[in-house]
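These notes concern the structure reproduced below.
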Amino acid sequence: MKIEVRLFATLRKGRGKKVYIEEDEGLTPKDIIDQLKIDEKDVSILLVNGRDGKLDTVLKDGDIVSLFPPVGGG
Amino acid sequence: MKRYIKNMNMLTKEENDRLGKFKVCVVGCGGLGGYVIEMLARLGIGYLTVVDADKFDETNLNRQILSNTDTLGKSKSITAQERIKLVNPLVEVEPINKRVTKNNCEDIIKGHDVVVDAVDNIDTKIILQDTCSNIDIPLVHGAIGGWYGQVTTIFPEDKTLDILYVSRDKKGIEKELGNPSFTPGLVASIQVSEVLKVLIKRGKPLKRRVLFIDTFEQEYEVIDV
C-alpha cells in the first residue's frame, strides 16, 4: 500500500513537502514518524485524511497523513 | 462618533455601540499581546484587562510593538495601559502585573466576554484553555514560532489545544527558531478579527479549525480538528 505524507513548517527540512511511503499492511503514523526520523515530540498536529489522527491508527492504501510541529510562542 | 466612522460600514451602528460595553482579557503583553491590545482599543472595545508579569528588555525590541528605547525596564502591562491612554482614552485598561497560574487564572479572567491567549508558553496556554472552559468563556488562541504561526478560537466545549499539544511536555519550535518582527502582527490581526466575530456573533470563527500559517512558503492551511 502507498501512503502520502504531507509535512509542514520545520518538518520539511531535509525531507521535502511530500513523501510517499510504500509498505505492507499494518503501517501506522508512528511507523511513518520513525521512518522519517522525526522525534514524536516534534509532531503537534497529526491528521489522517484531514481529520485528527492517532499515532497507532492502522493506515489504509491511499491514506494521507499530515504532520505539523508544535508552535507555542507569543 | 468620528473616531469610529471607518468601523461603521462593516459593523452596524448597534454593533459599534455595543463594542464599548464588552470586556476582553488579553493575557500576555509581548509580541502578540502588544498588537492585540492596540487593535482592540482602536476598534473601541470598552474594557481591556492586560496581564503580564514581565518588564521589557532588549531582546524584545525586534518584535514587541510596546517595547522601545523609552520603555526598556518598564512593566509590560503598565506600558500597555499608558499606550492605550494615548490611542483611545475611551477604553478603560486594567493592568495586572502577574504571571497566570492554575491558582490565580480564574480570578483574573472571570467576568470577561472573551480571553485572548497571547502568552509565550504551552503550559500557560493550557491553563487558559482549561480555566476558560470551566467558567464558560471563549478563548482566542494564537501562537508564533520562527516563520510560522497558528490561530484557533476555542469555545468552552471544544478543548482544541488538547489536539494541538497532545503531550503536554511539548516544546514549541520558537525555542529553537525565535520570533521575527512580522509574525506577531500577522497572527495578532487574525486573533482580533476572531474576537470581534465572537463578540458580535456574526461571521465564521475558527471553531474547531486551526489556521496554520507558513510565511516561509506563504501557505495558509485551515485544518478541521
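If you average the sequence gap of Cα pairs under 8 Å that are 6 or more apart and divide by the length of chain B, what percent do you get for the contact order?
19
Apply the Karplus curve 6.51 cos²θ - 1.76 cosθ + 1.60, θ = phi - 60°, to the phi angles in region B:112-121 and return the couplings in whole Hz, x for Gly and Pro.
Residue by residue, region B:112-121 yields 9, 7, 8, 10, 10, 8, 10, 8, 10, 8 Hz.
How many Å² of accessible area per residue for region A:1-63, probe 1.4 Å?
Result: 57 Å² of accessible area for each residue.
Once amide H atoms are placed 1.01 Å from N in the peptide plane, what residues at a sequence separation of 5 or more from A:Asp63, or on another chain, have their amide H within under 5 Å of its amide H?
Hits under the 5 Å cutoff: A:Glu4.
I'd like the Karplus ³J(HN,Hα) series for region B:194-205: coefficients 6.51, -1.76, 1.60, θ = phi - 60°, whole numbers in Hz, and an x wherever there's a Gly or Pro.
Once θ is set to phi - 60°, the couplings for region B:194-205 become 5, 4, 4, 5, 5, 5, 8, 6, 9, x, 10, x Hz.
What are the ³J(HN,Hα) couplings of region A:26-42, residue after residue, when phi is run through the Karplus curve with 6.51, -1.76, 1.60 and θ = phi - 60°? Round to Hz, x for glycine and proline.
x, 5, 10, x, 4, 4, 5, 4, 5, 4, 8, 6, 9, 6, 3, 5, 8
In whole Å, how far is the Cα centre of region B:89-111 from that of region B:166-216?
A separation of 21 Å, based on Cα centres.
Under the definition of partner shielding as Cβ atoms of other protein chains within 10 Å of a residue Cβ, what is the mean value for peptide A:60-72?
6
How big is the A/B interface in buried accessible area, both sides summed, 1.4 Å probe, to the nearest 100 Å²?
2100
Roughly what % antiparallel, to the nearest 5, for the DSSP beta bridges in chain A?
Around 75 percent of the beta bridges assigned by DSSP in chain A are antiparallel ones.
Per-residue mean of other chain beta-carbon atoms within 10 angstrom of the beta-carbon, peptide B:150-156?
Shielding by partners across B:150-156 averages 1.
At a Cα cut-off below 17 Å, give the aspartates and glutamates reachable from B:Lys55, other chains included and same-chain residues fewer than 8 away excluded.
B:Asp70, B:Glu82, B:Glu94, B:Asp120
Report, in listed order, any pair from B:Lys13/B:Lys102; A:Lys18/B:Lys170; B:Lys13/B:Lys204; A:Lys60/B:Lys102; A:Lys60/B:Lys159; A:Lys60/B:Lys125 with a Cα-Cα distance greater than 32 Å.
Numbers: B:Lys13/B:Lys102 39 Å; A:Lys18/B:Lys170 24 Å; B:Lys13/B:Lys204 20 Å; A:Lys60/B:Lys102 42 Å; A:Lys60/B:Lys159 29 Å; A:Lys60/B:Lys125 35 Å.
Beyond 32 Å: B:Lys13/B:Lys102; A:Lys60/B:Lys102; A:Lys60/B:Lys125.
Taking the Kirkwood radius as the inverse of the mean 1/r across Cα pairs, report the Rg/Rh of the protein assembly as shown. Mind dumping the intermediate values first?
Values: Rg = 20.1 Å, Rh = 19.9 Å.
Over the Cα atoms of the protein assembly as shown, Rg/Rh equals 1.01.
Using all alpha carbons of chain B, what is the percent of pairwise distances in each 10 Å bin, ordered from the shortest bin to the longest?
Histogram of Cα-Cα distances, whole percents per bin: 8, 35, 39, 17, 1.
The values are calculated or read from the model by the stated rules, or taken from the named source; none is laboratory data. What you see is a predicted model, and the numbers here were worked out from it, not measured in a lab. Neighbour counts are summed over all protein chains in view; Cβ atoms, including those assigned to glycine, are modelled from backbone coordinates with ideal geometry. What goes into the accessible areas is simple: the full protein's heavy atoms, side chains included, and nothing from ligands, DNA or RNA. Shrake-Rupley method; radii C 1.70, N 1.55, O 1.52, S 1.80 Å.
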